[in-house]
Amino acid sequence: RVCCASGRIANYAGYDYCTNLPVGTACFSSAHCASDWCYDGKCKTKLVSGDSCPSESNSECPGSLTCNRNTRYGDYRCTKTTCYCYAWTRGCSTGYYYAADAWSNRLSC
């Protein structure tokens, strides 16, 4: 029998695991973490709007935020709004979606 600090367990893939685990704790599923995000085998803190999301995964960003390209160089941030950057748009060289509400791109839809 394994005791969990949180006092809570959940079944995952046929095994019982502790839940409500703190940031930095080893995990196998986001359901195990108090932050609701398991990445690279560790519970991580969810990001906020404007934070960099290097994994390019929407699961990194909370709520309705999504991980979107912020610059033509491929930097990604958690944002609410995206726009399409056409080749003729100022500051764009190729078409891609970008984070319209991120402060560093200075582009508008």
Residues in segment 14-41 that are surrounded by 15 or more Cβ atoms within 10 Å (Cβ to Cβ) and farther than 21 Å from residue 55 by Cβ: how many? 4
Here are the criteria: (1) in a loop (DSSP other than H, G, I, E, B); (2) open to solvent by 60 Å² or more (accessible area, probe 1.4 Å). Tell me which single one residue 11 does not satisfy. (1)
Just the residues that are open to solvent by less than 70 Å² (accessible area, probe 1.4 Å) and among the hydroxyl-bearing types (Ser, Thr, Tyr), please, taken from segment 42-55. 49, 52, 55
Being surrounded by 14 or more Cβ atoms within 10 Å (Cβ to Cβ) and polar (S, T, N, Q) is the filter; apply it to segment 56-70 and report the residue that is farthest from residue 10 (Cα to Cα). 70
Return the pair list, or none, for Cβ contacts closer than 7 Å from residues in segment 43-56 that are free of Cβ contacts under 8 Å to residues at least 40 places away in the same chain to residues that are of a type in the set (S, T, N, Q), at least 6 apart or on different chains. 43/25; 43/35; 44/35; 45/35; 46/35
Pairing a residue in segment 7-24 that is under 20 Å from residue 39 (Cβ atoms) with any residue that is open to solvent by 90 Å² or more (accessible area, probe 1.4 Å) and among the acidic types (Asp, Glu), where Cβ atoms lie under 8 Å and the two sit 6 or more apart in sequence or on different chains, gives 10/16
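The values are calculated or read from the model by the stated rules, or taken from the named source; none is laboratory data. Note that the coordinates shown come from a computational prediction; the quantities given were computed from them, not determined experimentally. Positions of Cβ are backbone-derived with ideal geometry, glycine not excepted, and every protein chain shown enters the neighbour counts. Heads up: the accessible areas ignore ligands, DNA and RNA and are worked out on the full protein's heavy atoms, side chains in. Shrake-Rupley method; radii C 1.70, N 1.55, O 1.52, S 1.80 Å.
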